[in-house]
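Q: Encoded as structure tokens, here's the structure I'll be asking about.
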Amino acid sequence: MKLWKCGVAVAAVAVAVGGCGMVAKRKALKDCKFDLADVEVTRVTLSDVDLLVELSVYNPNDTEVIVDRFSYKLWSDKNPIAEGWHRKQEKVPPYEERVLAVTMKTPLKNLGKGALNQLRNRGGVTYTLQATVYLETFLGELEVPVTVRKKY
């Protein structure tokens, strides 16, 4: 009976230590540098616009970073354009940069004057991406807010 209890204790410690490593990989995200790498119009119809938004994540840590999923809102100047989810788990190795690509569709009416001018090649627009990165840990879910702006 004592042997069984000892085995359970060893297993619990192994799970806790392994879990701590996973928590560290997720918590390290707070030190990452984010940038709005690109916002590209991929298709335009009479009613909708398809966008490819690229979020760059640089990991300055000596441990891999795990992004479980994130929600986002994209703004053109002060106009909300689109919102949604990126549900694919992404990993960013130590001292490396990864670009997370998100495709979105938005009604043409949501683009606002700045983005329409960009489509017509008549001027710039400032895009703002507000995201919440959700990190799953054995202690529960952690949320990390991220906001990036870039003028194109």
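The values are calculated or read from the model by the stated rules, or taken from the named source; none is laboratory data. If you're wondering where the values come from, they're calculated on a predicted model, not measured in any experiment. FYI the Cβ positions are ideal-geometry reconstructions off the backbone, even for glycines, and counts take in every protein chain you see.
Q: Among the numbered criteria (1) aromatic (Phe, Trp, Tyr); (2) at pLDDT below 90; (3) within 11 Å of the chain's Cα centre (by Cα), which single criterion is violated by Trp85?
A: Among (1) aromatic (Phe, Trp, Tyr); (2) at pLDDT below 90; (3) within 11 Å of the chain's Cα centre (by Cα), Trp85 violates only (2).
Q: Of Leu142, Leu111, which residue is within 14 Å of Leu29 (Cα to Cα), surrounded by 15 or more Cβ atoms within 10 Å (Cβ to Cβ) and modelled with pLDDT under 90?
A: Going through Leu142, Leu111 in turn, just one is within 14 Å of Leu29 (Cα to Cα), surrounded by 15 or more Cβ atoms within 10 Å (Cβ to Cβ) and modelled with pLDDT under 90: Leu142.
Q: Test Tyr58 against the stated conditions and say whether it is over 17 Å from Tyr152 (Cα atoms) and touching a Lys or Arg at 6+ places or on another chain (Cβ under 6 Å).
A: yes
Q: Which residues, counting only those in the stretch 33-52, are within 11 Å of the chain's Cα centre (by Cα) and of a type outside the set (D, E, K, R)?
A: Phe34, Leu36
Q: If you scan the stretch 58-96, which residues turn out to be in a strand (DSSP E or B) and surrounded by fewer than 15 Cβ atoms within 10 Å (Cβ to Cβ)?
A: Pro80, Glu83, Trp85, Lys91, listed by residue number.
Q: Looking at the stretch 130-152, I want the residues that are free of Cβ contacts under 8 Å to residues at least 40 places away in the same chain and have a partner that is part of a loop (DSSP other than H, G, I, E, B) and surrounded by fewer than 16 Cβ atoms within 10 Å (Cβ to Cβ) with Cβ atoms under 6 Å, at least 6 apart or on another chain. Which pairs are those?
A: Going by the 6 Å Cβ cut-off, the qualifying pairs are Lys151/Gly124.
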